[in-house]
Amino acid sequence: MERWLALELASTIRHDGDGGVADDLATVKGTTHWIHEQEDLLADHVPAGELAADESLRLGIIELRQAVRALFARAVSPAPPSPADAHRLMTADQAMARLNTAAARELVAPQIDWPAGGVPTARLLSAENDPHVRLVATLARAAIDFLGGPQRTQLRSCTAPRCVRYFVKSHGRQEWCKPSCGNRARAARHYRRQRTATDGGSVPS
Ligand SMILES: [Zn+2]
């Protein structure tokens, strides 16, 4: 479903495996690579496999990502947001305006296609020729769908040490985005308890 593009977009900011934060959209080349990776999710709207990013598209996607991450932070609140950009989030009003403006740049009309003996499918007919505009608008619509849909309430910010990911909880008590994060978080918790028990105080953050 296209709405998962919102999570994919937010996840282009990720832990680099070395205590820092990596950005998959840091370069035009990286952005093109990311777009190609989304080919399946984008298939109904943009021929992503043939698309090459340029600097203006890269910046357009990054602006959208800032809006998505600001609203993701709001969605997980009062739990803390991803630490990657917690100190520089735009306001929710700014973020909504940015998403709505990007989505409105592509005029679309829903169409039904039902071949005889087949299954009906709904698709969006676009009045926009520029594939870069269509891509950004599609990402914006995906984010609007995601935030307006039931997945929003399952969105979490992973609390494992050094992790910066948002994820959608798939079962009841899931606290971490993936098992390795759970292991790291439990180890850190265990370490803190040990320290507290042995030297009666100083808790590492
Ligand atoms: Zn994690």
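Coordinate-derived values only; no laboratory data. Only a predicted model underlies this, so the values are computations on that prediction, with no experimental measurement involved. Backbone-built Cβ (ideal geometry, glycine too); neighbour counts: all protein chains shown.
Summary of computed values
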{"item": "Counted charge near Thr91, where neighbours are those whose Cβ lies closer than 14 Å (Asp, Glu -1; Lys, Arg +1)", "result": "+2"}
{"item": "Order by protection proxy (mean Cβ within 10 Å, highest first), peptides 139-149, 115-125, 175-185", "result": "139-149, 175-185, 115-125"}
{"item": "Point-charge dipole on Cβ atoms (K/R +1, D/E -1) for the chain, about Cα centre, debye to 20", "result": "1420"}
{"item": "Volume in Å³ per residue [convex hull over Cα atoms, computed for the chain]", "result": "150"}
{"item": "Segment 2-79-segment 102-146 distance, computed between alpha-carbon centres (Å)", "result": "19"}
{"item": "Whole-number D in µm² s⁻¹ for segment 1-116, Kirkwood Cα-pair radius fed into Stokes-Einstein, 4 °C, 1.567 mPa s", "result": "82"}
